[in-house]
1. I'd like to check something: does the stretch B:180-198 contain any residue that is in contact with a Gly (Cβ under 6 Å, 6 or more places away or on another chain), over 21 Å from B:Glu240 (Cβ atoms) and surrounded by 19 or more Cβ atoms within 10 Å (Cβ to Cβ)?
2. Quick check on this structure: which one of B:Glu185, B:Glu172, B:Glu206, B:Glu120 is outside any loop (DSSP other than H, G, I, E, B), of a type in the set (Asp, Glu) and under 18 Å from the mean Cα position of the chain (by Cα)?
3. Can you name the residue in the stretch A:36-61 that is part of a strand (DSSP E or B) and more than 22 Å from A:Glu100 (Cβ to Cβ) and is also nearest to the chain's Cα centre (by Cα) among such residues?
4. Output the number of the condition that A:Glu100 fails; it satisfies all remaining conditions of (1) modelled with pLDDT of 95 or more; (2) of a type in the set (Asp, Glu); (3) farther than 22 Å from A:Ser168 by Cβ.
5. Counting just the residues of the stretch B:255-285 that are under 13 Å from the mean Cα position of the chain (by Cα) and closer than 24 Å to A:Cys248 by Cα, which one comes out surrounded by the most Cβ atoms within 10 Å (Cβ to Cβ)?
6. How many residues does the stretch B:209-231 hold that are crowded, with 23+ Cβ neighbours inside 10 Å and part of a helix (DSSP H, G or I)?
7. With the structure loaded, tell me whether B:Thr205 is closer than 28 Å to B:Val90 by Cα and of a type in the set (Val, Ile, Thr) or whether it fails that test.
8. Could you run through the stretch A:7-35 and say how many residues are of a type in the set (Asp, Glu) and within 24 Å of the chain's Cα centre (by Cα)?
Amino acid sequence: MKVIDKSDFDVFVDNLIANDDREVVGVQEKDSKFAFETLQSADDLRLDYDVTILPPKKYFMPQRETLIEYNLDEGETTPVNRVVPRIILGIHPYDLVAIEQMDKVFEDTHEDPHYLEKRRKSVLVGVNMENVSDKSFAKTMGTATTDSGYDIMLTDIGDMYTIEVGSSKGSALLDKAGSAIDDVGPEEIKKVKQFKEELSEKFRTDPKFDPFELPSLLKEYYGKDQFWEKNSEDCLSCGTCNLVCPTCYCFDVQDINDISLSEGERMRTWDGCMLEAFAEVAGDENFREEKAARYRHRYMRKGRYMYNRFGDIACVGCGRCSEQCLPDIADPVDIFNQMKEGTS
Amino acid sequence: MKESNLTKEENVENPGTSPYSTQKARIIGERQMTTDSKLFTLELQSGERLNHDPGQFVELSIPGVGEAPISVTSSPTRRLDSFELCVRAVGNVTNTLHEMNVGDSVGIRGPFGTGFPVEEFQGNDLLFIAGGLGIAPLRSLINYTLDRRDEYNDLNILYGCKRPCEQMFEDEVDHWARRQDIYHEATVDFCPDKVCWDGNIGVITELIPGVDIDLDNTYAIVCGPPVMYRFVLEELDEKELPHEQIYLSLERRMKCGIGKCGHCQINGAEEVLYACQDGPVFNYERVEGFEEAI
């Protein structure tokens, strides 16, 4: 473990912004919330944030991403993979866990270079959570801290950050800070331990389940139609819970023609299983027509299907879905608690 | 901010490895099958074979319009340097394809998915049950078994359509009907006056009791519109055909074809299936517990 003074850290970040070939992005305040945005100055960085509006997945799987360019006059198509190499500052542990899960999905069977190249060319700078959002239950999901997934990981211990290096990419980044980096002393190690102990007291949700119970609870509840109908009654099928989820990756592919109608791009765009048309096929048949079925599908994905396929519980407890759901029905803590308590 | 993005953006070399890259295929033949369906014969520009298994599908790409998953209807035993797609004009991509002509090019990705277990079928009786456009994927397998006739035992083909004019592959159906080593029956839901039809009139399930099924050695292979499966499967249960001897080809909206986009998931209490990888051909015993399958 290393340490860096906060003032030196700011100089380090400003140097990266000015001199590094890669784009530097980080968490900043945005309309009294927080968001990952391009960083203009270290002063704008808010490593004390609680949760961002969108997870950092947008950097590896952008909301709109070109897969192919085509020219209709010449009948030519050209595959493209536009990558902006980035240094991403301030990723919380639960989002790092989510990224590790997403890596598995895009590496599995047919590798997806559009995602993977963006991942490979990014440096992930994690930060341990100083503040916890109202809806977060990362502690329960075991994602409030993590030992992997980052290139470097920062912990705020007052005047300085401690730094854990997780990869050679991280260590190369740290080299750019030069002599500002010091070895850690026993006092600082004690502070990190204390930081983590205090963190576990900061969660305000009340989950009554263990994450590893979720696959069996969901199996038991799958056929309880009334349970899903009751809980999804006010669902607007707006897909917000999908869009803000760090482990949701479903997408649509659309051809977008430019105004000349002779050129265009085949684009991958975010999609969501809560949207009504998600499981529609030609001829208007819809295999998930009822909102209760779509609502259930999302929970099955998070707590059972991904676990079966990849060994991960695909809810990292960030609380974004719960926080941003308009009719306030998307709180996984509420749903999983009901299951645990045997509500039908 | 946008500018800084652009200066730092780089294009990855060799994006040709992208699973979303298409290869060019030229339309070399086109035949009207019904009022809204056409048979297209395609040839890959690379000169290579498609190398598909019966039951697999391709993503058909028309730049500027989009992609659609289409099952390959030709058998890999025929047309060594080309392949056929039977396409009903129901959406943007398929309607645009219908307006295209011989000589025009489209994009192809694939073949994708799991096709029919042709080796497992060897030495057994096969009962094909096709409804409407469901004949398209089954035709690939039917012709495959006909070209390797000695590897398979009795072949039974039941084919149902809404009305006589919707029957496809007329020449081949006629050929099946005349061959002595195939049991073939056709039905239509409805036959208008003055239309000549010597087959059955009624739903396809009416044809099943007439088939002599050897329960130990018969595989049933079913493909049709979503509503057809439940009734056909009930009728096969009447015959007491074991579920592991029934194969279904299921339609879903397979957007990516490679198990990523999420659209073709078929969910159940235990797990989720991807029609694009685990299917589109499924063993009935494997999927019957999946609420969304049938």
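1. Yes; the residues of the stretch B:180-198 include at least one that is in contact with a Gly (Cβ under 6 Å, 6 or more places away or on another chain), over 21 Å from B:Glu240 (Cβ atoms) and surrounded by 19 or more Cβ atoms within 10 Å (Cβ to Cβ).
2. Working: B:Glu185 fails: under 18 Å from the mean Cα position of the chain (by Cα); B:Glu206 fails: under 18 Å from the mean Cα position of the chain (by Cα); B:Glu120 fails: under 18 Å from the mean Cα position of the chain (by Cα).
Going through B:Glu185, B:Glu172, B:Glu206, B:Glu120 in turn, the sole match is B:Glu172.
3. To start, the set of residues in the stretch A:36-61 that are part of a strand (DSSP E or B) comprises A:36-38.
Narrowing further to those that are more than 22 Å from A:Glu100 (Cβ to Cβ): A:37-38.
Working: A:Glu37: 14, A:Thr38: 17 Å.
So the residue we want is A:Glu37.
4. Status for A:Glu100: all satisfied but (3).
5. Within the stretch B:255-285, the match that is surrounded by the most Cβ atoms within 10 Å (Cβ to Cβ) is B:Ala275.
6. Of the residues in that region, 0 qualify.
7. Numbers: closer than 28 Å to B:Val90 by Cα: yes; of a type in the set (Val, Ile, Thr): yes.
Judged against the criteria, B:Thr205 is a match.
8. Summing the residues that are of a type in the set (Asp, Glu) and within 24 Å of the chain's Cα centre (by Cα) in the stretch A:7-35 gives 3.
The values are calculated or read from the model by the stated rules, or taken from the named source; none is laboratory data. Quick caveat, the model's predicted, so the values are computed rather than measured. Here the Cβ is made from the backbone with ideal geometry for all residues, glycine too, and neighbour counts use every protein chain on show.
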